[in-house]
1. Determine whether A:V49 is more than 14 Å from chain B (Cβ to nearest Cβ), within 19 Å of the chain's Cα centre (by Cα) and in a strand (DSSP E or B).
2. Any residue at all in the range A:4-23 that's more than 14 Å from chain B (Cβ to nearest Cβ) and crowded, with 21+ Cβ neighbours inside 10 Å?
3. Tell me yes or no: at least one residue of the range A:58-74 is buried (at least 22 other Cβ atoms within 10 Å of the Cβ), part of a loop (DSSP other than H, G, I, E, B) and either within 13 Å of chain B (Cβ to nearest Cβ) or at pLDDT 85 or above (or both).
4. Using the structure shown, decide if B:L189 is touching a Lys or Arg at 6+ places or on another chain (Cβ under 8 Å), under 20 Å from B:V109 (Cβ atoms) and crowded, with 18+ Cβ neighbours inside 10 Å.
5. Taking the stated definitions as given, is B:P116 part of a loop (DSSP other than H, G, I, E, B) and not basic (K, R)?
6. Is it the case that B:L445 is within 40 Å of the chain's Cα centre (by Cα), modelled with pLDDT under 85, of a type outside the set (K, R) and in a helix (DSSP H, G or I)?
7. Could you pull out the residue among A:R107, A:R120 that is under 19 Å from A:E161 (Cα atoms), away from chain B (no Cβ under 14 Å), surrounded by fewer than 22 Cβ atoms within 10 Å (Cβ to Cβ) and not acidic (D, E)?
8. When you scan the range B:484-503, do you find a residue that is under 29 Å from A:G24 (Cβ atoms), polar (S, T, N, Q), more than 9 Å from chain A (Cβ to nearest Cβ) and not in a helix (DSSP H, G or I), even just one?
Amino acid sequence: MRIVIAEDQALLREGLARLFVDGGHEVVATLADADNLLDAVRGAQPDLVVLDIRMPPTYTDEGARAARAIKDELPAVGVLLLSQHIETAHTVTLVAHSGFGYLLKDRVLEVREFLASAERVAAGGSALDPVVVASLVSPASGSPMERLSERERDVLQLMAEGLTNSGIASRLVVSERTVEAHIRHIFTKLDIPETDDAHRRVIAVLAFLDSLHHA
Amino acid sequence: MRPWPAVLFAATLAIEVGAIALSWGLEPAWDTALYAVYGVTLTGAGVLIVSRHRGHRIGLLFIATGLLEAFNDLAQGWGLRAARHDWPAGPYGEWVGLASWIPSGLAIVLSFLLFPDGHFSRRGWQWVAWVNVIGIALVLPGWGLNPNLGDQFISGRNPLGVDRAPTDLLLGVGMPLFLGSLVVAIVPLVQRLRRSSGVERLQLRWFTFASVCAAIVLPTVAVLWSVAPAVRPLSALALTAMPLAAGVAILRYRLYDIDLVISRTVAYAAVTLMLAATYAATALVIGAAVGRHSTWVTAGATLAVAAVFGPLRRRVQERVDRRFAPDRVYSLRQMSRFLEDLRTGRAAPEDVERTLRHVLGVEDLDVRVSLPHGGSTVDLFGAPVSDGLREGQMSWPIRHGETLLGTVVGPAELAERRSLVTKVVQGSSLAVEIARLRVELRHQLDEVEKSRTRIVAAADDERRRIERDLHDGAQQRLVSIGLALRHAQHALGAANVEVSRTLDDAVAEVTETIDELRELARGLRPAALDAGLGAALRDLARRAPLAVEVDADGERLAPDVEIAAYFCACEGLTNAVKHSGATKVVLGARRRNGSLVVSVADNGVGGVVADRGSGLTGLSDRVAARGGTLRIHSSCTGTTLLAEFPCVS
């Protein structure tokens with residue numbers, strides 16, 4: 001796949017580029033800040049943009065804002081945000097988009113899993129760091145989450161991480177049928193209307209994250 | 001002093017000396033001496049007044065009256081001496097001396113009408129003076145030409161007596177006018193006294209006091225003139241007191257406390273009368289028992305008087321004070337009650353200002369405290385105040401030993417009650433001293449608190465900087481190193497399994513180090529705080545080893561409040577996990593009435609005390625540094641920790 005990288009630290013930028021090249025991907029542009037990122041993405045039409053959340057000049061949420069701009073204009077381009085630590089304030093609205101990922105930076109060192117996540121995002125899937133998901137779905141009083149059992153919560157968490165039913169089944173060491181049963185219960189308990197399955201999955205995760213955010 | 005008043009004074013003195021020389025031995029010595037003193041006092045008071053207030057009419061009036069008195073004395077002396085040595089014109093001298101009371105009436109009327117500023121009252125009382133002048137114009141010939149006055153002269157004949165003059169008619173018309181105007185002239189004086197305030201009131205009180213004394217003494221002496229000749233000198237004394245009082249009133253009214261003079265005078269007069277009555281009554285009783293001429297009578301009466309003097313004087317003084325200076329009695333009692341309350345803790349030293357206002361009956365009164373070491377002037381609560389005086393204000397120093405503690409600033413009218421004010425202000429010094437110490441302590445404490453807040457803020461900034469450095473520096477570098485290792489591993493391919501495994505281990509090491517650094521950074525300052533207190537608390541709850549519920553909304557607060565609140569919850573949670581044996585904790589952070597209330601409630605065994613050395617002491621320091629308060633409720637069903645931070649939105 002074709003990749004654009006935005007990362008202010010040169011060493012890390014080069015390291016990331018090399019990682020993707022080593023993995024057999026094409027890095028079409030690397031940038032040190034978010035200023036010209038949208039132009040670069042428009043020009044290069046990549047499959048995936050990998051960018052740091054904190055970049056010059058203020059080192060707060062430049063990356064998150066650039067990611068939102070890309071998603072608004074070019075929803076088909078996958079966006080993978082990297083962060084040194086988890087900041088849900090800037091990212092919770094982004095989670096609603098398909099083809100979005102948010103990972104801790106050191107996940108890149110687990111090369112195979114990282115590349116798999118990147119490919120999933122580029123293909124329109126999602127990849128949320130377990131820490132991100134956990135911080136979003138931690139139980140808070142009055143949330144619809146309370147209606148779910150602990151097991152259902154685990155399943156939803158893995159759904160939010162972007163895993164498929166079989167992925168969830170293998171992670172929880174249960175059968176796929178059991179996972180499917182849990183997911184049906186989740187849909188019912190969260191009052192999600194019956195449409196196509198992929199869409200319902202997204203709605204489940206989002207309704208749930210959204211309600212948590214407003215709790 | 002310009003020369004002519006001095007010349008007039010010297011002239012009066014010389015004339016009076018001459019008059020004494022002429023009269024000496026020919027009339028009672030007190031008569032000669034006291035009236036000479038009266039004349040000299042009149043001119044002296046007038047000269048002093050004129051020298052201080054140029055052209056003051058009261059001064060001029062006194063000088064004129066003093067000179068007239070001296071001439072009269074001289075004329076009288078000449079009359080007496082001439083009769084003895086057969087000098088010429090003796091009876092005319094006598095005539096002048098005997099008629100002198102007539103023009104003196106005008107002087108008294110005028111001094112009543114003109115006191116204290118030398119101008120007639122604006123209500124038009126000049127006519128009283130004219131009536132008096134007409135009265136004098138009628139009385140002078142009606143009296144002076146009367147042939148029936150012969151017995152008043154040594155020669156037995158009035159030298160100016162005219163047999164067929166209508167003297168009865170003149171006196172019959174003139175005398176009521178003369179005496180009436182004298183009485184009526186008191187009315188504007190009393191009116192002025194009633195309407196006056198401040199300095200004028202003080203002056204009028206002095207003069208009225210002397211006038212009232214004269215008004216009582218002169219008729220009394222007239223009545224007793226032949227019955228008890230011993231009282232005769234009193235009239236001269238009473239007359240002398242009037243120019244003296246007027247002089248004091250105009251020149252030195254601030255020096256003496258007129259209320260005190262009045263009440264003391266009345267008290268001593270009353271005591272004297274009562275002692276005389278006691279003496280007489282005792283003498284009568286003992287005399288009836290043992291015979292009138294026994295020495296027992298004198299001894300017993302004296303003993304009785306001596307016995308009653310002490311308690312009587314105290315009682316009378318108290319009564320008189322209550323009648324003539326009720327403020328004084330009440331004020332001193334209020335002040336001592338306040339001091340007693342202060343001693344027993346029923347009153348705060350800062351109440352001294354209110355007490356002084358109440359005691360002295362003025363609202364416009366402030367206590368200003370001078371802080372030591374050349375410090376500023378503040379009020380009793382430490383707020384800075386100016387140390388200048390406004391128009392019409394006066395200040396009294398408050399001293400404790402040698403130290404000047406501050407001043408009492410009040411309206412200038414308080415000078416009327418100088419001795420009372422001084423006494424009350426002096427009484428307030430203990431309270432002011434305590435209040436001053438408290439202000440000083442508060443100032444120093446304030447300084448310490450400010451510096452503590454600065455230190456905590458600096459530490460927070462430093463934590464934030466180090467946290468940033470760890471995230472953006474060390475952690476990123478480690479990721480880069482990891483990536484480099486992975487690249488090397490890739491470049492190596494499957495060629496060397498051993499090296500590849502070593503590289504895997506190295507990357508695992510790097511990942512672990514990054515995790516440790518992340519934990520370290522979180523301990524310094526949780527990055528989750530960037531998303532707000534609620535997010536940070538939820539992050540905290542998620543990582544806790546027991547069920548933690550969070551009750552917080554997404555509202556943003558000042559960064560320093562958020563970090564203080566976060567560490568507070570953090571410390572409380574740690575405490576609950578370590579010591580309480582709780583299975584559930586609720587973290588709360590809610591705005592309530594302009595404060596942020598952070599609560600950590602567990603269902604553990606309780607028994608938490610925030611004593612020295614416990615982690616909670618450090619916590620309470622942290623809370624206090626933000627101006628907050630920390631409360632702990634601990635019982636066997638759990639512990640609730642409540643920290644309240646003031647925050648403005």
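1. yes
2. Yes.
3. No, the range A:58-74 contains no residue that is buried (at least 22 other Cβ atoms within 10 Å of the Cβ), part of a loop (DSSP other than H, G, I, E, B) and either within 13 Å of chain B (Cβ to nearest Cβ) or at pLDDT 85 or above (or both).
4. The answer is no for B:L189.
5. Details: part of a loop (DSSP other than H, G, I, E, B): yes; not basic (K, R): yes.
So B:P116 fits the description; yes.
6. Details: within 40 Å of the chain's Cα centre (by Cα): yes; modelled with pLDDT under 85: no; of a type outside the set (K, R): yes; in a helix (DSSP H, G or I): yes.
Spelling it out, it is not the case that B:L445 is within 40 Å of the chain's Cα centre (by Cα), modelled with pLDDT under 85, of a type outside the set (K, R) and in a helix (DSSP H, G or I).
7. Checking each option against the conditions leaves just A:R120.
8. Yes, the range B:484-503 has at least one match.
The values are calculated or read from the model by the stated rules, or taken from the named source; none is laboratory data. Small disclaimer: the values here were computed from a predicted structure and weren't measured. Positions of Cβ are backbone-derived with ideal geometry, glycine not excepted, and every protein chain shown enters the neighbour counts.
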